[in-house]
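*Asks:* Shown below is the structure under consideration.
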Amino acid sequence: MAEMKVVEKIMAANDQIAEQNRRLLDERGIVTVNLMASPGAGKTSLILCTVEALRGRLRVGAIEGDTASRVDADRVATAGVPVVQINTGGGCHLDAPMVRYALNRLPLDEIDLLLIENVGNLVCPAGFALGEHVNVVIASVPEGDDKPYKYPGMFSVVDAVVINKTDLLPYLDFDMVAFRELIAGLNPEARIFEVSCKTGEGIEAWADWLAGMCS
Ligand code: MG
Ligand code: ZN
């Protein structure tokens with residue numbers, strides 16, 4: 001029971017800081033998206049595609065969460081995006097204090113849309129509020145069409161599902177109709193975007209959806 005209390009306290013403290021983050025983002029008029037996915041689904045690639053699609057329309061900033069390294073932040077910085085890398089030191093999710101640390105180091109006056117790349121993991125990132133406005137999960141075609149069965153907690157709470165790497169559909173047994181039906185069953189409100197960061201297909205609709213929230 002004592003352990004339970006510790007967990008409850010941590011969650012309450014996280015929620016309080018998440019609310020402070022949200023207030024700061026609201027004051028600055030920054031729409032913030034929490035991007036979640038398993039490792040290799042294409043979170044960083046989607047951020048880069050999105051930046052290109054929105055260039056000249058919206059100023060994008062990023063927070064890169066990883067257990068170690070700053071390779072993703074370096075890739076994003078090369079695209080001219082203000083970015084802060086957070087290394088969790090092995091931790092499997094971002095939390096609100098980490099995001100606050102990053103917000104204190106970003107040029108908030110130069111950002112309209114903030115994309116947070118969470119740590120690659122389909123379980124606990126959905127349980128930690130960061131102060132974000134929108135939650136998105138990226139699923140990629142090579143991962144298979146049964147992901148929503150295995151991770152219903154994630155797929156049922158997000159505002160949108162991005163299905164990435166659709167250029168690989170001809171080579172894999174991925175049943176798009178079944179996949180979309182699974183998502184609709186768990187989360188009828190979720191928007192679904194089919195994209196390929198490789199060919200650019202579908203990126204415009206996704207970018208337009210984000211831009212619509214920023215206006
Ligand atoms: Mg990445
Ligand atoms: Zn975790």
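*Asks:* At a 1.4 Å probe radius, which order do Lys9, Lys150, Lys43 fall into by accessible area, largest first?
*Replies:* Ranked from most to least accessible, the order is Lys9, Lys150, Lys43.
*Asks:* Further question: Just to be sure I understand: if I project the alpha-carbon convex hull of the range 125-177 onto a plane and average over all orientations, what area do I get in nm²? Write down the numbers at each step before the final one.
*Replies:* On the way: hull surface 16.3 nm².
If you wrap the Cα atoms of the range 125-177 in a convex hull and average its projections, you get 4.1 nm².
*Asks:* With a 1.4 Å probe and all protein chains kept in place, how much accessible area does Cys214 have, in Å² rounded to the nearest 10?
*Replies:* Rounded to the nearest 10, that gives 40 Å².
*Asks:* How large, in percent, is the carbon and sulfur part of the accessible surface of the range 145-202 at a probe radius of 1.4 Å?
*Replies:* 50 percent
*Asks:* If you roll a 1.4 Å probe over the heavy atoms of the protein chains, what accessible area per residue do you get for the chain, in Å²?
*Replies:* Values: 10250 Å² over 215 residues.
The answer is 48 Å² per residue.
*Asks:* Hey, another quick one. With a 1.4 Å probe and all protein chains kept in place, how much accessible area does Arg57 have, in Å² rounded to the nearest 10?
*Replies:* 130 Å²
*Asks:* For the chain, what is the relative contact order in percent, using Cα pairs closer than 8 Å and at least 6 residues apart in sequence? Don't jump to the answer; show the numbers that get you there.
*Replies:* Numbers: 403 pairs, mean separation 53.9, N = 215.
Averaging sequence separation for qualifying contacts and normalising by length gives 25 percent for the chain.
*Asks:* Next up: For the chain, take every pair of Cα atoms, bin their distances at 5 Å starting from 0, and report each bin as a whole percent.
*Replies:* 1, 7, 15, 20, 21, 17, 11, 5, 2, 1, 0
*Asks:* To continue, here is another question. Could you point to the residue in Ile183, Val136, Ala126 farthest towards the positive end of the range 124-197's charge dipole, with +1 and -1 charges on the Cβ of Lys/Arg and Asp/Glu respectively?
*Replies:* Checking the options against the dipole of the range 124-197, the answer is Ala126.
*Asks:* How long are the semi-axes of the ellipsoid equivalent to the range 1-106, from square roots of 5 times the Cα gyration tensor eigenvalues, in whole Å, largest first? It would help to have the intermediate numbers written out before the result.
*Replies:* Working: eigenvalues 146, 63, 25 Å².
For the range 1-106, the semi-axes come out at 27, 18, 11 Å.
*Asks:* Taking amide H positions as placed 1.01 Å from N in the peptide plane, with prolines and chain starts having none, which residues 5 or more places from Thr32, or on another chain, fall under 5 Å of its amide H?
*Replies:* Result for Thr32 returns Leu114, His133, Val134.
The values are calculated or read from the model by the stated rules, or taken from the named source; none is laboratory data. It should be emphasised that the depicted structure is a prediction, and the values quoted were computed from it without experimental measurement. Neighbour counts are summed over all protein chains in view; Cβ atoms, including those assigned to glycine, are modelled from backbone coordinates with ideal geometry. Areas reflect the complete protein model, heavy atoms only, side chains present, ligands, DNA and RNA absent. Shrake-Rupley method; radii C 1.70, N 1.55, O 1.52, S 1.80 Å.
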